[in-house]
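Undergrad: To start, I am sharing the structure in question, which I have written as structure tokens.
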Amino acid sequence: MTPPSPPITVTQPYLPPLEEFIPYLEHIWKSKRLTNGGPFHQQLETELARYLGVEHLSLFANGTLALVTALQALRITGEVITTPYTFAATTHSLLWNNIKPVFVDIDQHTCNLDPDRIEEAITPATTAILPVHCYGFPCDVERIERIADTYGLKVIYDAAHAFGVRSNGRSILRHGDLSILSFHATKVFNTFEGGAIVCPDAKIKQRVDYLKNFGFANEVTVVAPGINGKMNEVSAAMGLLQLKHVDQALDDRATIHRRYVQAFQDVPTLHVQQAPAGLVWNHAYCPLFVRPGHPINRDTLYETLKANGIHARRYFYPLISSLPMYRGLPSAAATHLPNAHLLAGQVICLPIYPSLGTEDQARLIDVVLQSAR
Ligand SMILES: *Cc1c(COP(=O)(O)O)cnc(C)c1O
């Protein structure tokens, strides 16, 4: 059975050499510890916290359960201010907690929640802000913190894209009350499926640990109607092995991104987003914005790439505020979210992953450049 070689897609999982994974599996088979906070789970929590430069973290089966649980850990209710320019899981986590999402527009340049627009969206029912570090670019964490402090709001960052991102030498995951990570196969660092809540102190980690294990505090005490959010030992082992290779994977991503920047720098109607000074970015995505005046529009470029066997993605189109379960909200009106609509109509995320070959990338760049002629 010869598996087909993968097509060029927007992202492909980073897979360490298979032979390096076998010893971990043998260990699991021998110990018969498959899940429930086994040794690999504990080791990964410790090693990841050290690698990321955070105090504590609690591993999860996926990022979505981490989001749902983070909201419960802080007892968030009522209304939460969030961005429409994100993946569905961000906003769905609010509905799973019976919380009303309130959409606020994004900044045109950062793609993140616009701090200038947050205060006008606050009502007596607002309890928290749920921003996203979109594409791994940090939100304006200082201004968001000041607004949250002024109005007594909690802040939970959806940091699903922000693995390893550091601003002025400090992990971006140390901001807000909690941050959540995703280790899904398509993310910078993967455990097949997985995620985490980054916690500032041991007390909140304790509560999160209970909540992800049905609310069990011990064998006979259940303190909350918790969910099953635990990460299993095979995923935790994958994480430990990935950690050994992740710096190389991040370097490879940076190289690929640099090639895109160079290739399109002389085309005024194509804009590749770049990291601001002082930022250690993870090159999680390569958003390319097709500006007005380009010979073909974004959707035609998307179709052209597809016809050439290259499956790019229009993250984040459609906007979450346009989905059937959200579009009836007053804050979902298009007139209220002009920047989000503008970028959702221009963006195309180009393939970026460590195993993307130089020749494949060159061909891809060629297809895009042809469109500029
Ligand atoms: C991937 C992603 C999630 C969800 O993570 P899963 O691990 O797939 O459940 C949440 N938010 C954003 C912004 C994401 O990109």
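The values are calculated or read from the model by the stated rules, or taken from the named source; none is laboratory data. Just so it is clear, the structure is predicted and the values come from calculations on it, not from any experiment. A quick note on method: Cβ atoms are made from the backbone with ideal geometry, for glycine too, and the neighbour counts reach across all protein chains shown. Note: areas computed on protein heavy atoms with side chains; ligands, DNA, RNA excluded. Shrake-Rupley method; radii C 1.70, N 1.55, O 1.52, S 1.80 Å.
Undergrad: Output the number of residues of region 140-174 satisfying the condition of being outside any helix (DSSP H, G or I) and either within 16 Å of the ligand (Cβ to nearest atom) or crowded, with 24+ Cβ neighbours inside 10 Å (or both).
TA: The qualifying residues number 11.
Undergrad: With the requirement that a residue be in contact (Cβ under 8 Å) with a residue 60 or more places away in the chain and surrounded by fewer than 24 Cβ atoms within 10 Å (Cβ to Cβ), what does region 175-186 give you?
TA: Asp177, His184, Ala185, Thr186
Undergrad: Within region 125-136, track down each residue that is within 26 Å of Val188 (Cβ to Cβ) and either open to solvent by 10 Å² or more (accessible area, probe 1.4 Å) or in a helix (DSSP H, G or I) (or both).
TA: Scanning region 125-136 gives Cys134, Tyr135, Gly136.
Undergrad: Further, regarding this structure: Being open to solvent by 10 Å² or more (accessible area, probe 1.4 Å), at negative phi and either in contact (Cβ under 8 Å) with a residue 24 or more places away in the chain or among the acidic types (Asp, Glu) (or both) is the requirement here; does Ile122 meet it?
TA: In short, yes.
Undergrad: Restricting attention to region 82-109, and to residues there that are among the polar types (S, T, N, Q), touching a helix residue (DSSP H, G or I) at 6+ places or on another chain (Cβ under 9 Å) and open to solvent by 10 Å² or more (accessible area, probe 1.4 Å), which single residue is nearest to the ligand (Cβ to nearest atom)?
TA: By that ranking, first place goes to Asn97.
Undergrad: List the number of the failed condition for Glu219; all other conditions in (1) at pLDDT below 95; (2) within 16 Å of the ligand (Cβ to nearest atom) hold.
TA: (2)
Undergrad: Right, another one. Taking the condition at pLDDT 95 or above, closer than 30 Å to Arg170 by Cβ and of a type in the set (A, V, I, L, M, F, W, C), does Leu301 pass?
TA: no
Undergrad: Looking at region 216-238, can you tell me whether even one residue there is open to solvent by less than 50 Å² (accessible area, probe 1.4 Å) and part of a strand (DSSP E or B)?
TA: yes
Undergrad: Criterion first (more than 25 Å from Leu74 (Cβ to Cβ), at pLDDT 95 or above and surrounded by fewer than 14 Cβ atoms within 10 Å (Cβ to Cβ)) does Asp201 satisfy it?
TA: No: the conditions fail for Asp201.
Residues are listed down the side, and each one gets a yes or a no for (1) within 16 Å of the ligand (Cβ to nearest atom); (2) open to solvent by 20 Å² or more (accessible area, probe 1.4 Å):
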{"site": "Leu34", "(1), (2)": "no, yes"}
{"site": "Val54", "(1), (2)": "no, no"}
{"site": "Ser58", "(1), (2)": "yes, no"}
{"site": "Glu79", "(1), (2)": "no, yes"}
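Undergrad: Can you tell me which residue within region 320-364, out of those that are farther than 22 Å from Pro101 by Cβ and hydrophobic (A, V, I, L, M, F, W, C), is farthest from the chain's Cα centre (by Cα)?
TA: My answer is Ala362.
Undergrad: Exactly one condition in (1) in contact with an Asp or Glu (Cβ under 6 Å, 6 or more places away or on another chain); (2) over 29 Å from Asn62 (Cα atoms); (3) of a type in the set (Val, Ile, Thr) is not met by Thr126; state its number.
TA: (2)
Undergrad: Let me ask something else. Among the numbered conditions (1) within 12 Å of the ligand (Cβ to nearest atom); (2) closer than 21 Å to Cys139 by Cα; (3) open to solvent by 10 Å² or more (accessible area, probe 1.4 Å), tell me where Ala66 comes up short.
TA: (3)
Undergrad: Scan region 239-255 residue by residue and report those that are among the polar types (S, T, N, Q) and open to solvent by 10 Å² or more (accessible area, probe 1.4 Å).
TA: Gln248, Thr255
Undergrad: Being under 18 Å from Leu65 (Cα atoms) and more than 11 Å from the ligand (Cβ to nearest atom) is the filter here, so list the residues in region 175-188 that pass it.
TA: Asp177, Leu178, Ser179
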